[in-house]
Protein chains: 2
Amino acid sequence: MKATNAKKATKPKAAKTRPVGRPRADRRRRERPPDEEILFQAARLFARQGVAATTTRQIAAAAGLRQPSLFHWFPTKDAIVEALLESTIGATLDHAERVSKERHGAALRLFRVLRFDARHLCSSPYDLTALVLSPESRSSRYGRFWKRRARLIEIIGDLIAAGIREGSLVEMDRKLATRLVFGMDEGVLTWFDREGAWTPDLVGETFAELALRALLRDPKDLAALQREAGPLHDEP
Amino acid sequence: MKATNAKKATKPKAAKTRPVGRPRADRRRRERPPDEEILFQAARLFARQGVAATTTRQIAAAAGLRQPSLFHWFPTKDAIVEALLESTIGATLDHAERVSKERHGAALRLFRVLRFDARHLCSSPYDLTALVLSPESRSSRYGRFWKRRARLIEIIGDLIAAGIREGSLVEMDRKLATRLVFGMDEGVLTWFDREGAWTPDLVGETFAELALRALLRDPKDLAALQREAGPLHDEP
DNA sequence: GTCAATACCTATCGCGTGATAGGTTTAGTC
DNA sequence: GACTAAACCTATCACGCGATAGGTATTGAC
């Protein structure tokens, strides 16, 4: 009787610290669940080396697994890339769709969309440098992501066109302007250092400030835009 | 006697159309010498697929050779990447060094450096999208290229700082401004279509115009800058 | 204790890769 | 015609890749 009770007192304690399943060869603690850890480490490696040059063995080792174990969580290497791409752009496109429909001047809407996107790129849990900017991701396999990205470009282009029509933005080739501005936006991915001195908010604000100074007929309007827009960190 | 003469009349004609060396299996004419054709086709494939995902068999087929023949012209696949990287940035850095030393206002010098670089990126004989923007090229193997690129960024940063000191450009975090402007510059690589409607000159001019509008204290100074700078196609 | 589910492991496969080795085909020189 | 250099070719290699197959080690439920 007494021996049985002593055994039961020991078991619940072990249950709280051990996940179900075979223990790993790599005993190091991981702060994320396995699928998220795989994505996190994959993104890091992709950003540093590119997708094709990153092997599944490297990803597995970085995530604390053996290479074939990756296929328990993702059906193919490709599926990892796809999951990373899908993890981006959703929030920023939703925000852009919402803001672009509001009853405000085009310049204000543009300002808010741009700074939100740049901040979002800097603060994603995953380092997306390689994925968004590299030709490796241009495959038709990721058509959904590229469609949504094209939609975001379209929204920005429409806002620039509306600003030109309203007279708040300077006359120019609206498509070329869209490309240049969006290039500066995504260009953030090539230099933003997640361990560096600049915060995502600061980058978002400064980028949008420069973009609007470039486009506004009268850059003195910028101060009013910044006031009306409010602090970036209040955007949902 | 006569038969011998007839034979000699035929040979000189063949000598003018046939290069020395074994004929290719792929008989199609190539407009460039073999090494240049390899670089051209490699750049095209790298831009579309990325470096690691492009095989030497693909490069060879595109250049009209068999795969091992590549190694007659380049010692390794890597050497192809290196040659492409070296083919860029030389002219633009020389120009930037020269212009940045001239006795003109910082804003004018900056304007000329920026538009030259953007045009240069658009008009390179090789499509460098994958090489300049992708992590694949970040290897220490290409240290020389990355040093020169850093020098270019430094020159632009110094010009921005000088403009801020002179009072022609707005006060702001000079390093962040440099990064954003250079991001727009290189971002051109992600969207410029060599078969498209925009010319390299137009892109160079428009990019520099937007960048200076963003940075100038008084954007009305832009017109004077454009006049003083003269047409981009006159830059050597 | 048995069984099922879960999360891993080791072993291995079929295939494709960059590169080497040796041979072939041409023009040019003597 | 013999020889050399140049520019190719075919054949092959050693290696590493993504993925499959089957087994192992744990928890939790009964």
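The values are calculated or read from the model by the stated rules, or taken from the named source; none is laboratory data. From a predicted model like this one, the values you see are computed outputs, not experimental measurements. In this analysis, Cβ positions are derived from the backbone assuming ideal geometry, glycine residues included, and neighbour counts consider all displayed protein chains.
Give the number of residues within segment A:170-211 that are buried (at least 24 other Cβ atoms within 10 Å of the Cβ) and of a type in the set (Phe, Trp, Tyr).
1
Residue by residue, here is whether (1) part of a helix (DSSP H, G or I); (2) over 14 Å from B:Tyr126 (Cα atoms); (3) at pLDDT 90 or above holds:
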{"site": "B:Arg30", "(1), (2), (3)": "no, yes, no"}
{"site": "B:Glu36", "(1), (2), (3)": "yes, no, yes"}
{"site": "B:Gln41", "(1), (2), (3)": "yes, no, yes"}
{"site": "B:Ala62", "(1), (2), (3)": "yes, yes, yes"}
{"site": "B:Val81", "(1), (2), (3)": "yes, no, yes"}
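For residues that are among the aliphatic types (A, V, I, L, M) and crowded, with 20+ Cβ neighbours inside 10 Å, tally how many sit in segment A:158-169.
The qualifying residues number 3.
If I filter segment B:77-94 down to residues being closer than 13 Å to B:Tyr142 by Cβ and among the hydroxyl-bearing types (Ser, Thr, Tyr), which single residue comes out as nearest to DNA strand C (Cβ to nearest atom)?
B:Ser87
Give the number of residues within segment B:18-37 that are within 15 Å of DNA strand C (Cβ to nearest atom), without any contact (Cβ under 8 Å) to a residue 24 or more places away in the chain and closer than 17 Å to B:Leu70 by Cβ.
Going through segment B:18-37 one residue at a time, the tally reaches 2.
Select the helices (runs of 4 or more DSSP H) contained entirely in segment A:136-221, then report the ones holding at least 2 residues which are over 30 Å from B:Arg138 (Cβ atoms) and under 20 Å from the mean Cα position of the chain (by Cα).
Result: A:143-166.
What single numbered condition from (1) within 14 Å of chain B (Cβ to nearest Cβ); (2) closer than 18 Å to A:Thr129 by Cβ; (3) surrounded by fewer than 18 Cβ atoms within 10 Å (Cβ to Cβ); (4) not small (Gly, Ala, Ser) fails to hold for A:Asp78?
Going through the list (1) within 14 Å of chain B (Cβ to nearest Cβ); (2) closer than 18 Å to A:Thr129 by Cβ; (3) surrounded by fewer than 18 Cβ atoms within 10 Å (Cβ to Cβ); (4) not small (Gly, Ala, Ser), A:Asp78 breaks only (2).
For A:Phe40, all conditions in the list (1) within 14 Å of chain B (Cβ to nearest Cβ); (2) away from DNA strand C (no atom under 11 Å from the Cβ) hold save one; what is the number of the exception?
Condition (1) is where A:Phe40 drops out.
To keep it simple, each residue is scored yes or no on (1) away from chain A (no Cβ under 12 Å); (2) in contact (Cβ under 8 Å) with a residue 40 or more places away in the chain; (3) of a type outside the set (Ser, Thr, Tyr); (4) closer than 23 Å to B:Gln226 by Cα.
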residue: B:Ala96; (1), (2), (3), (4): yes, yes, yes, yes
residue: B:Leu131; (1), (2), (3), (4): no, yes, yes, no
residue: B:Arg141; (1), (2), (3), (4): yes, yes, yes, no
residue: B:Arg144; (1), (2), (3), (4): yes, yes, yes, no
residue: B:Ile153; (1), (2), (3), (4): no, no, yes, yes
residue: B:Gly196; (1), (2), (3), (4): no, no, yes, no
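Quick check, is A:Arg24 over 18 Å from the mean Cα position of the chain (by Cα), surrounded by fewer than 20 Cβ atoms within 10 Å (Cβ to Cβ) and part of a helix (DSSP H, G or I)? Step through it out loud before you land on a result.
On the way: over 18 Å from the mean Cα position of the chain (by Cα): yes; surrounded by fewer than 20 Cβ atoms within 10 Å (Cβ to Cβ): yes; part of a helix (DSSP H, G or I): no.
In short, no.
Considering only residues of segment A:43-63 that are at the interface with chain B (Cβ under 9 Å from one of its Cβ atoms) and surrounded by 20 or more Cβ atoms within 10 Å (Cβ to Cβ), which is farthest from B:Leu131 (Cα to Cα)?
It comes out as A:Thr54.
Has segment B:89-112 got any residue that is within 19 Å of A:Pro135 (Cβ to Cβ), in contact with a Phe, Trp or Tyr (Cβ under 6 Å, 6 or more places away or on another chain) and part of a helix (DSSP H, G or I)?
No, there is no match, as no residue in segment B:89-112 is within 19 Å of A:Pro135 (Cβ to Cβ), in contact with a Phe, Trp or Tyr (Cβ under 6 Å, 6 or more places away or on another chain) and part of a helix (DSSP H, G or I).
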